[in-house]
1. Highest GNM mean-square fluctuation, the chain, Cα pairs closer than 10 Å: which of Leu32, Leu182, Leu131?
2. Based on the inverse mean of 1/r over its pairs of different Cα atoms, what is the Kirkwood hydrodynamic radius of the chain, in Å?
3. Want the number for Asn62 to Ser198: 0.36 nm per residue separation, take away the alpha-carbon distance, what's left?
4. Among bridges DSSP assigns within the chain, what percent are antiparallel (round to 5)?
5. Please give me the summed charge of the neighbours of Glu25: other residues whose Cβ is under 14 Å from its Cβ, Lys and Arg +1, Asp and Glu -1.
6. Net charge near Lys163: determine it from the other residues with C-beta under 14 Å of the C-beta of Lys163, scoring Lys and Arg +1 and Asp and Glu -1.
7. Classify segment 69-118 as rounded, prolate or oblate, taking a ≥ b ≥ c as the square roots of the eigenvalues of its Cα gyration tensor: rounded when a/c is under 1.5, otherwise prolate if a/b is larger than b/c and oblate if not.
8. In deg cm²/dmol and to the nearest 500, what is the mean residue ellipticity at 222 nm of the chain if only DSSP H runs of at least 4 residues count, each as -39500 (n - 2.57), divided by the residue total?
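A short reminder: the numbers here are calculations on the coordinates, not readings from a lab. Only a predicted model underlies this, so the values are computations on that prediction, with no experimental measurement involved. Cβ: placed from backbone, ideal geometry, glycine included. Neighbour counts: every protein chain shown.
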Amino acid sequence: MTRKVSVILDEVFPKIPHDKRLVIENYLSLLLKWHNNNNIISSSDTEYVIKREIYDSYEFSNLITGKTFTDIGTGGGIPGIIIAILNPDKEIVLLDRKSTYIDFLRIAQHDLGLNNVNITEQDFFVNKFQLNTETVLFKNFSNKKIAKMQYEKKLIYMIDTVKNSKSVKKVYLLTGTPVLELSEDFVEDYKLTVKKISSPFFPTSRYFAEVLL
Ligand SMILES: C[S@@+](CC[C@H](N)C(=O)[O-])C[C@H]1O[C@@H](n2cnc3c(N)ncnc32)[C@H](O)[C@@H]1O
């Protein structure tokens, strides 16, 4: 039997205040409804989405510092929307190049009343595009241009593109185990620090990585 979303959220996030949990519940209900027609997230299994995507985004949100963020390749708004709900004092730009996501994000922003969110339809790799936040976030960013690159090369390409924007001082990644295998040169050049986000629900953990520009 499928369990009620509110019951799972209460169990997984006892520390999130009730009013914010309600907003997350409304977000999930919109997200899963849109997913049925537009395939905008990695899974339609509600319990998986909560315990993997939302839980990891919650832990990630507890580790970030700063005031302004761009979530590059935000898709359905993960992690950007979760960060915006949990931190009304932070300003979040949700950036994606696909109109399907952008249309969904505009509806979600309106219906959830998120005043700290800006939505940008933009190809991040377009020449001379300028970000205007102090921090950027990447989670599961994928693009044809970098798909075949080895993980370290991919990161360098992404970070070097971010560097074209003078405002950005920090990059946060929510990523997997390959971040543990980056070269010493990379760690030194990009002042990389990594923290494990342990999952109480899955054997595989994700990692929080910080790069200083
Ligand atoms: C695998 S999805 C990840 C979505 C979300 N961050 C998550 O973890 O659920 C990758 C996203 O990156 C976006 N994307 C790919 N290339 C992009 C580009 N050059 N500029 C902006 N967005 C891009 C895609 O449209 C897609 O929404």
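1. Highest fluctuation among the options: Leu182.
2. Working: mean 1/r = 0.0566 Å⁻¹.
Result for the chain, one decimal place: 17.7 Å.
3. Details: separation 136, 0.36 × 136 = 48.96 nm, distance 1.31 nm.
Result for the pair: 47.6 nm of gain on full extension.
4. Numbers: 11 of 30 bridges.
Expressed as a percentage, antiparallel bridges in the chain total about 35.
5. Numbers: positive: Arg3, Lys4, Lys20, Arg21, Lys33; negative: Asp10, Glu11, Asp19, Glu47, Asp111.
That sum, taken over residues with Cβ under 14 Å, equals 0.
6. Details: positive: Lys128, Lys166, Lys169, Lys170, Lys191; negative: Glu134, Asp160, Asp189.
Cβ neighbours under 14 Å give a net charge of +2.
7. Details: a/c = 2.08, a/b = 1.33, b/c = 1.57.
Judged from the Cα gyration tensor, segment 69-118 comes out oblate (a/c at least 1.5, b/c at or above a/b).
8. Details: 8 runs with 81 residues, N = 213.
Computed mean residue ellipticity for the chain: -11000 deg cm²/dmol.
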